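*Asks:* Okay, handing you the structure first.
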């Protein structure tokens, strides 16, 4: 055995009969902590499951290497730890091998790392797995959730949400009490999504049944839940939709306020408003402002379309003299269900910078984890931060870096650097947090700023010193953490 | 977006949600891929009008006065200038080797041109060709409600999905109602919903005269875990602290830790059940509870998982409390329920909880009717 890190054979168990066409050997990885995200300083371990389905050969070797993931065009990953361990697995059995990947002393903290595990038999590789992992500290919230912009559709893994810095969750509302208690304990505010509003909209439920449910829910659980959302993604595209939508909002709002006058009612979400912009004016004309405390939208379109949509939303609010906070309780990358993880992770920076700069107060990323469905529904897993096997994707570290850098910051300005270039500045404690990327070709950008050390934060969470004042904006967004305010960008 | 997961919140874009809705529903008879009664709302079973992106048009709408069944039908008033139609936008996964039957009702009033129903086959990468439904898919002139049953026998090569249409080309008015797509030989009841007979109930059949007092094995833990399985964590058989008998099950909780002990119980889904236990808690943080989750015989669950009252969590333990007896009646199970899993659980908490004499007691059919309010 040659190993920089410890690899231990834990146990063997018998397998069910091999199916026709099964590979002789199989390799699977299991996270020993949720998402394989560990406390800083803790030893990072995973389990490799080696299955010998049909091979007469017992002896095999599990090897691994843990490395970072640089994003530059010619950058080479740095291997931090590696090791290998022989295993003996009889035909029809499996063995679990613990792989120690390293600790906070040997591995970078707060950034996305990958472990590649290979299984070899008779000197030939027979299986290989690549998974993400890393280290993130639990962050005890210092301010109320109401001051945070960062939501995530999760409804699970509360301690992990603290590692991510998520402060809002939007579960499908039910009467399971334990998640409510965890939500309160971990200071992740629940926005209870009452799907019965959609049933009332569709007349699958009577208005009385719906309002009774809202009244009962709010009355029964107001000690846990203050924020209630009345429905998801209504059909406001048909001309009779907005009127019906507002009617459902009115009934639910009145029921919720009867049960708890202090509660906050988030209006039912409207998605893809760009399909028919007139729907927004029709909602406001029907009196929506009177029947919610917050407007809510979902943004899944590209940034240019999203900008047009937000402009229509603000214009409608202005013309109806109906100002209220605006939230976005769902957003994801473009394309939503395709593309690469790197592109998706980039959209975490892009979406938040773009939406917060447009006076959207709270933004929820869709989603922490998505079930393993077949077909179209399964493709939505692309939006998830954690994969089906419960390992972190790159975007875990994007989200955690974003929240760490921008929590408590305020939007200050958007710099005009030409078409397709986004330079969006936030300020916190004398430092500027400048989001920079381009939707087109890479473009050199010069940044004039006060003297002092600066850093560039990549979507992997990697933090590196910022040298000089000129850098190239690419489709991979970065956060520049520099002394502020920035004097010029161009 | 909306997901049937119990623990993941909703969401994704509108069309994706429609796609998910296209999946087979459990309340349709087996073999039915799609059923739409056009009951007054778009997106029912994935159906949309062709004009939805323009906000819809009154010429494609629902009609409460002219219908075969239910509250509404779909009415399309034709135009000489454009095709007007509704489409089952989510599509239906098919096995091209099978024969399917597209059924429904059509009524026409002075249709000059054609009212028609159609099926478009798609492959992996998009549309392939229309499926030949023959002349029975075309309707002209004026006729009262007419039943159509059109077999889909032959699909273009590479067909994976089929999308259904109801259309008017030309002038005049057509009404459509009670559409279904089903495998050949499958009877589709009017209204679409499966009618349950006693034979449709899964699970076991208990005799009212010989009902067991408790379906759970080893309820008092005197013999250790016995039929209970520790799914995660390290439960303790406590022989010093017991609510009944000489032992109990103790879970020592710690923050972020999990301990779940479960037992799988086959039962008679026609009945209500009384779930009860003796419980003692010394909890500084968190809640213990019993979760009950029903399953079909093939091990699949029921989407939202809830048993009743919008939850699957019952009989919570909290704070410091000496031994007490708690109970709840589970009033209704879905007919397809073959078994339930009863979980004793204490997760991400601080302190201890003791469980003892856990019981799942079937009620008589008369008692079941009474608790169900029938």
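The values are calculated or read from the model by the stated rules, or taken from the named source; none is laboratory data. In this text the structure is predicted, and so the values were computed from the model without any measurement. A quick note on method: Cβ atoms are made from the backbone with ideal geometry, for glycine too, and the neighbour counts reach across all protein chains shown.
*Asks:* If residue A:91 satisfies all but one of (1) touching a strand residue (DSSP E or B) at 6+ places or on another chain (Cβ under 6 Å); (2) within 14 Å of chain B (Cβ to nearest Cβ); (3) surrounded by fewer than 19 Cβ atoms within 10 Å (Cβ to Cβ), what's the number of the condition it fails?
*Replies:* Looking at each condition in turn, residue A:91 falls short on (2).
*Asks:* Among the residues of the range A:394-436, how many are closer than 30 Å to residue A:381 by Cβ and assigned to a loop (DSSP other than H, G, I, E, B)?
*Replies:* 2
*Asks:* Just a yes or no: is a residue in the range A:216-223 in contact (Cβ under 8 Å) with a residue 12 or more places away in the chain, outside any strand (DSSP E or B), touching a strand residue (DSSP E or B) at 6+ places or on another chain (Cβ under 9 Å) and more than 9 Å from every other protein chain (Cβ to nearest Cβ)?
*Replies:* Yes, the range A:216-223 has at least one match.
*Asks:* While we're here: Give the residue, chosen from A:142, A:131, A:58, A:105, that is touching a strand residue (DSSP E or B) at 6+ places or on another chain (Cβ under 7 Å) and surrounded by fewer than 18 Cβ atoms within 10 Å (Cβ to Cβ). Explain how you work it out, then say what you get.
*Replies:* On the way: A:142 fails: touching a strand residue (DSSP E or B) at 6+ places or on another chain (Cβ under 7 Å); A:131 fails: surrounded by fewer than 18 Cβ atoms within 10 Å (Cβ to Cβ); A:105 fails: touching a strand residue (DSSP E or B) at 6+ places or on another chain (Cβ under 7 Å).
Exactly one of A:142, A:131, A:58, A:105 is touching a strand residue (DSSP E or B) at 6+ places or on another chain (Cβ under 7 Å) and surrounded by fewer than 18 Cβ atoms within 10 Å (Cβ to Cβ), namely A:58.
*Asks:* Just checking, how many residues over the range B:86-101 are within 20 Å of the chain's Cα centre (by Cα) and over 30 Å from residue B:59 (Cβ atoms)?
*Replies:* Residues in the range B:86-101 being within 20 Å of the chain's Cα centre (by Cα) and over 30 Å from residue B:59 (Cβ atoms): 1 in total.
*Asks:* Could you check the range A:1-113 for strands (runs of 3 or more DSSP E) lying wholly inside it with 2 or more residues that are modelled with pLDDT of 95 or more?
*Replies:* Values: elements: A:7-14, A:25-31, A:44-52, A:59-68, A:79-88, A:93-102.
The strands (runs of 3 or more DSSP E) meeting that bar are A:25-31, A:44-52, A:59-68, A:79-88, A:93-102.
*Asks:* Tally the residues that are touching a strand residue (DSSP E or B) at 6+ places or on another chain (Cβ under 6 Å) and away from every other protein chain (no Cβ under 14 Å), restricting the search to the range A:373-395.
*Replies:* Quick first cut of the range A:373-395, residues touching a strand residue (DSSP E or B) at 6+ places or on another chain (Cβ under 6 Å) only: A:386, A:390-393.
Restricting the remaining residues to those that are away from every other protein chain (no Cβ under 14 Å) gives A:391-393.
Residues in the range A:373-395 being touching a strand residue (DSSP E or B) at 6+ places or on another chain (Cβ under 6 Å) and away from every other protein chain (no Cβ under 14 Å): 3 in total.
*Asks:* Here's another thing I want to ask about it. Looking at A:245, A:234, which one is assigned to a loop (DSSP other than H, G, I, E, B), out of contact with any strand residue (DSSP E or B) (no Cβ under 6 Å at 6 or more places or on another chain) and surrounded by 18 or more Cβ atoms within 10 Å (Cβ to Cβ)? First the steps, then the outcome.
*Replies:* Working: A:245 fails: assigned to a loop (DSSP other than H, G, I, E, B).
Among A:245, A:234, only A:234 is assigned to a loop (DSSP other than H, G, I, E, B), out of contact with any strand residue (DSSP E or B) (no Cβ under 6 Å at 6 or more places or on another chain) and surrounded by 18 or more Cβ atoms within 10 Å (Cβ to Cβ).
*Asks:* Given the criterion more than 30 Å from residue B:82 (Cα to Cα) and assigned to a loop (DSSP other than H, G, I, E, B), identify the matching residue among B:158, B:209. Let's see the steps before the verdict.
*Replies:* Details: B:209 fails: assigned to a loop (DSSP other than H, G, I, E, B).
When all the criteria are applied, what remains is B:158.
*Asks:* For residue A:342, all conditions in the list (1) within 14 Å of chain B (Cβ to nearest Cβ); (2) part of a helix (DSSP H, G or I) hold save one; what is the number of the exception?
*Replies:* The single condition residue A:342 does not satisfy is (1).
*Asks:* Something else now. Looking at (1) farther than 17 Å from residue A:367 by Cα; (2) in contact with a strand residue (DSSP E or B) (Cβ under 7 Å, 6 or more places away or on another chain); (3) assigned to a helix (DSSP H, G or I), can you tell me which one residue A:161 breaks?
*Replies:* Exception for residue A:161: condition (1).
*Asks:* I want to confirm something. Restricting to the range A:164-188 and keeping residues that are in a strand (DSSP E or B) and within 9 Å of chain B (Cβ to nearest Cβ), which single residue is nearest to residue A:224 (Cα to Cα)? I'd like the intermediate steps shown before the answer.
*Replies:* So the first thing to find is which residues in the range A:164-188 are in a strand (DSSP E or B), and the list is A:168-169, A:172.
Next cut, within 9 Å of chain B (Cβ to nearest Cβ) only: A:169, A:172.
Numbers: A:169: 13, A:172: 15 Å.
Selected residue: A:169.
*Asks:* So which pairs qualify, if the first residue must be in the range B:301-320 and more than 7 Å from chain A (Cβ to nearest Cβ), the second must be in a strand (DSSP E or B) and exposed (fewer than 14 other Cβ atoms within 10 Å of the Cβ), the Cβ gap must be under 8 Å, and the two must be at least 6 apart or on different chains?
*Replies:* B:315/B:327
*Asks:* Residue B:22 - would you say it is within 12 Å of chain A (Cβ to nearest Cβ), closer than 14 Å to residue B:88 by Cα, in contact with a helix residue (DSSP H, G or I) (Cβ under 9 Å, 6 or more places away or on another chain) and modelled with pLDDT under 60? Outline the logic, then answer.
*Replies:* Values: within 12 Å of chain A (Cβ to nearest Cβ): yes; closer than 14 Å to residue B:88 by Cα: yes; in contact with a helix residue (DSSP H, G or I) (Cβ under 9 Å, 6 or more places away or on another chain): yes; modelled with pLDDT under 60: yes.
Yes; evaluated as a whole, the condition is true for this residue.
*Asks:* Go through the residues of the range A:296-314 one by one and say whether even a single one is at pLDDT 95 or above, in a loop (DSSP other than H, G, I, E, B) and touching a helix residue (DSSP H, G or I) at 6+ places or on another chain (Cβ under 9 Å). Let's see the steps before the verdict.
*Replies:* Pass one, the range A:296-314, residues at pLDDT 95 or above: A:296-314.
Pick out the ones that are also in a loop (DSSP other than H, G, I, E, B) and you get A:300-302.
So of that shortlist, the ones also touching a helix residue (DSSP H, G or I) at 6+ places or on another chain (Cβ under 9 Å) come out as A:300-301.
Yes.
*Asks:* Identify, please: which residue in the range A:189-203 is surrounded by fewer than 23 Cβ atoms within 10 Å (Cβ to Cβ) and assigned to a loop (DSSP other than H, G, I, E, B) and is, among those, nearest to the other protein chains (Cβ to nearest Cβ)?
*Replies:* Among them, the one singled out is A:202.
*Asks:* Considering every residue within the range B:350-358, establish whether at least one is within 14 Å of chain A (Cβ to nearest Cβ), crowded, with 17+ Cβ neighbours inside 10 Å and touching a helix residue (DSSP H, G or I) at 6+ places or on another chain (Cβ under 7 Å). Spell out the reasoning first.
*Replies:* Step one: filter the range B:350-358 for residues within 14 Å of chain A (Cβ to nearest Cβ), giving B:350-351, B:353.
Imposing the further condition that a residue be crowded, with 17+ Cβ neighbours inside 10 Å reduces the set to B:351, B:353.
This time we only want the ones that are touching a helix residue (DSSP H, G or I) at 6+ places or on another chain (Cβ under 7 Å), so: none.
The answer is no; no qualifying residue exists.
*Asks:* Taking the range A:204-215 as the region of interest, how many residues are assigned to a loop (DSSP other than H, G, I, E, B) and surrounded by 22 or more Cβ atoms within 10 Å (Cβ to Cβ)? Lay out the reasoning, then the answer.
*Replies:* We begin by selecting, within the range A:204-215, every residue assigned to a loop (DSSP other than H, G, I, E, B); these are A:204-206.
Filter again for surrounded by 22 or more Cβ atoms within 10 Å (Cβ to Cβ), leaving none.
Counting residues in the range A:204-215 that are assigned to a loop (DSSP other than H, G, I, E, B) and surrounded by 22 or more Cβ atoms within 10 Å (Cβ to Cβ) gives 0.
*Asks:* Being at pLDDT 95 or above and either under 30 Å from residue A:244 (Cβ atoms) or away from every other protein chain (no Cβ under 12 Å) (or both) is the requirement here; does residue A:134 meet it? Break it down into steps so the answer makes sense when it comes.
*Replies:* Numbers: at pLDDT 95 or above: yes; either under 30 Å from residue A:244 (Cβ atoms) or away from every other protein chain (no Cβ under 12 Å) (or both): yes.
Considered against the rule, which asks whether it is at pLDDT 95 or above and either under 30 Å from residue A:244 (Cβ atoms) or away from every other protein chain (no Cβ under 12 Å) (or both), residue A:134 comes out as yes.
*Asks:* Applying the selection to the range A:320-339, what residues are more than 14 Å from chain B (Cβ to nearest Cβ) and out of contact with any helix residue (DSSP H, G or I) (no Cβ under 9 Å at 6 or more places or on another chain)? Before the answer, list the steps.
*Replies:* Filtering the range A:320-339 for residues more than 14 Å from chain B (Cβ to nearest Cβ) gives A:320-326, A:339.
Residue satisfying the conditions is A:325 alone.
*Asks:* Taking the residues in the range A:153-163 that are within 11 Å of chain B (Cβ to nearest Cβ) and more than 20 Å from residue A:226 (Cβ to Cβ) as candidates, determine which candidate is modelled with the highest pLDDT. It would help to see each step written out before you state the result.
*Replies:* Here is the first cut: in the range A:153-163, the ones within 11 Å of chain B (Cβ to nearest Cβ) are A:153-160, A:162.
If we keep only those that are more than 20 Å from residue A:226 (Cβ to Cβ) too, we end up with A:156-157, A:159-160.
Details: A:156: 88, A:157: 92, A:159: 94, A:160: 97.
Restricting to residues being within 11 Å of chain B (Cβ to nearest Cβ) and more than 20 Å from residue A:226 (Cβ to Cβ), the top hit is A:160.
*Asks:* Considering each of B:344, B:287, B:283, B:277 in turn, give the residue that is within 33 Å of the chain's Cα centre (by Cα), within 12 Å of chain A (Cβ to nearest Cβ) and not in a loop (DSSP other than H, G, I, E, B).
*Replies:* Numbers: B:344 fails: within 12 Å of chain A (Cβ to nearest Cβ); B:283 fails: within 33 Å of the chain's Cα centre (by Cα); B:277 fails: within 12 Å of chain A (Cβ to nearest Cβ).
When all the criteria are applied, what remains is B:287.
*Asks:* Hey, any hits in the range B:81-100 for a residue that's touching a helix residue (DSSP H, G or I) at 6+ places or on another chain (Cβ under 8 Å), buried (at least 21 other Cβ atoms within 10 Å of the Cβ) and assigned to a strand (DSSP E or B)?
*Replies:* Among the residues of the range B:81-100, at least one is touching a helix residue (DSSP H, G or I) at 6+ places or on another chain (Cβ under 8 Å), buried (at least 21 other Cβ atoms within 10 Å of the Cβ) and assigned to a strand (DSSP E or B), which makes the answer yes.
*Asks:* Looking at B:292, B:340, which is the one that is over 24 Å from residue B:244 (Cα atoms), in the same structural domain as residue B:212 (by TED's automatic domain parsing) and crowded, with 20+ Cβ neighbours inside 10 Å?
*Replies:* Details: B:292 fails: over 24 Å from residue B:244 (Cα atoms).
When all the criteria are applied, what remains is B:340.
*Asks:* Looking at the range B:244-274, which of the residues that are within 14 Å of chain A (Cβ to nearest Cβ) and surrounded by fewer than 19 Cβ atoms within 10 Å (Cβ to Cβ) is nearest to residue B:325 (Cα to Cα)?
*Replies:* Once the filter is applied, the top-ranked residue is B:260.
*Asks:* Being crowded, with 19+ Cβ neighbours inside 10 Å and assigned to a strand (DSSP E or B) narrows it down to one residue among B:144, B:129, B:177; which is it?
*Replies:* Working: B:144 fails: crowded, with 19+ Cβ neighbours inside 10 Å; B:129 fails: crowded, with 19+ Cβ neighbours inside 10 Å.
Just a single option satisfies the conditions, and that option is B:177.
*Asks:* Answer yes if at least one residue in the range B:37-45 is assigned by TED's automatic domain parsing to the domain that holds residue B:144, on the phi < 0 side of the Ramachandran plot and either part of a strand (DSSP E or B) or touching a helix residue (DSSP H, G or I) at 6+ places or on another chain (Cβ under 6 Å) (or both), and no otherwise.
*Replies:* No, the range B:37-45 has no match at all.
*Asks:* Do you know which residues across the range A:252-281 are over 29 Å from the mean Cα position of the chain (by Cα) and more than 14 Å from chain B (Cβ to nearest Cβ)?
*Replies:* The answer is A:252, A:253, A:254, A:255, A:256, A:257, A:258, A:259, A:260, A:261, A:262.
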